[in-house]
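Here's the structure we're looking at; comments come further down.
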Amino acid sequence: MKKTILKSLTAVVISISLFSCSKSDSTVVAPLTATTVKDLMADTILGLTSQGMPYSAGKYTFYSLEKNAIVANTDSATTKWDIALNGTKILTNGGTSGIGLGGAFVQVGLFDELKTISTDSVFKTDNISAGIYAITYGSGKGWYTYDPINNLITPLAGRVLVIRTASGKYAKVEIISYYKGGVTLPTTATDAEKLSKQRYYTFRYIFQPDGTKIF
């Protein structure tokens, strides 16, 4: 009798264990989806120099990829922000730019095809006094090209900004446009029109909240 009861209890325990494993194994993890940020203003053009070059207020727009929100300039010395934009310069919250764990590199490839950050990837940090930016700055060197004849900034195709955030997590970013309305102005637009509409970022990104390098 005791053996029969023991066998029955054992069978129940095994059944519960198998059911629990089956339930756990069938859990579906929702895929990460891209967030699009439109017309994020990165500084204001105050006018033109005598050489016809624009000059600005020199202020950065601080942004949290984790919170999908603008961060106040008064919090620039915190870990609340992940990237900061001023004109075509993009900073990360690390190195000489911030107190966070931030860093980045520019990967050649397609945004949708970047599923995993390679284990041998090297995240750079800003060292502005040495002219070093984690997200390489300059025409044709990082995420954009500058056409001086038509005065146009155009995002380079097949460039993904791979970001290590202030908290040490990861995100991938694709710059879509540098002009208000999320478009590249035609070359026939006047310089005044181009200047009035530039420095408005439209970009999409995916942030991985679990800390892994998988998107």
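The values are calculated or read from the model by the stated rules, or taken from the named source; none is laboratory data. Predicted, not measured: the structure shown is a model, and the values here were computed from it. A quick note on method: Cβ atoms are made from the backbone with ideal geometry, for glycine too, and the neighbour counts reach across all protein chains shown. The accessibility values were calculated without ligands, DNA or RNA, using every heavy atom of the protein model including side chains. Shrake-Rupley method; radii C 1.70, N 1.55, O 1.52, S 1.80 Å.
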Filtered residue count, the range 105-120, keeping only those that are over 14 Å from the mean Cα position of the chain (by Cα), under 21 Å from A166 (Cα atoms) and open to solvent by less than 60 Å² (accessible area, probe 1.4 Å): 1
Scan of the range 92-104 for residues that are among the polar types (S, T, N, Q) and open to solvent by 40 Å² or more (accessible area, probe 1.4 Å), ordered by number: T96
Subset of the range 92-103 (residues that are touching an Asp or Glu at 6+ places or on another chain (Cβ under 9 Å) and part of a loop (DSSP other than H, G, I, E, B)): N93, G94, G95, T96, S97, G98, G100, G102
From T145, T154, T212, residue being in a strand (DSSP E or B), touching a Phe, Trp or Tyr at 6+ places or on another chain (Cβ under 8 Å) and not hydrophobic (A, V, I, L, M, F, W, C): T154
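Okay, residues lined up against (1) open to solvent by 60 Å² or more (accessible area, probe 1.4 Å); (2) in a loop (DSSP other than H, G, I, E, B); (3) without any contact (Cβ under 8 Å) to a residue 60 or more places away in the chain:
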{"residue": "I70", "(1), (2), (3)": "yes, no, yes"}
{"residue": "K80", "(1), (2), (3)": "yes, yes, no"}
{"residue": "A84", "(1), (2), (3)": "no, no, yes"}
{"residue": "I90", "(1), (2), (3)": "no, no, no"}
{"residue": "V122", "(1), (2), (3)": "yes, yes, yes"}
{"residue": "T136", "(1), (2), (3)": "no, yes, yes"}
Top-ranked residue in the range 153-193 [being open to solvent by 60 Å² or more (accessible area, probe 1.4 Å) and polar (S, T, N, Q); ranked as modelled with the highest pLDDT]: S167
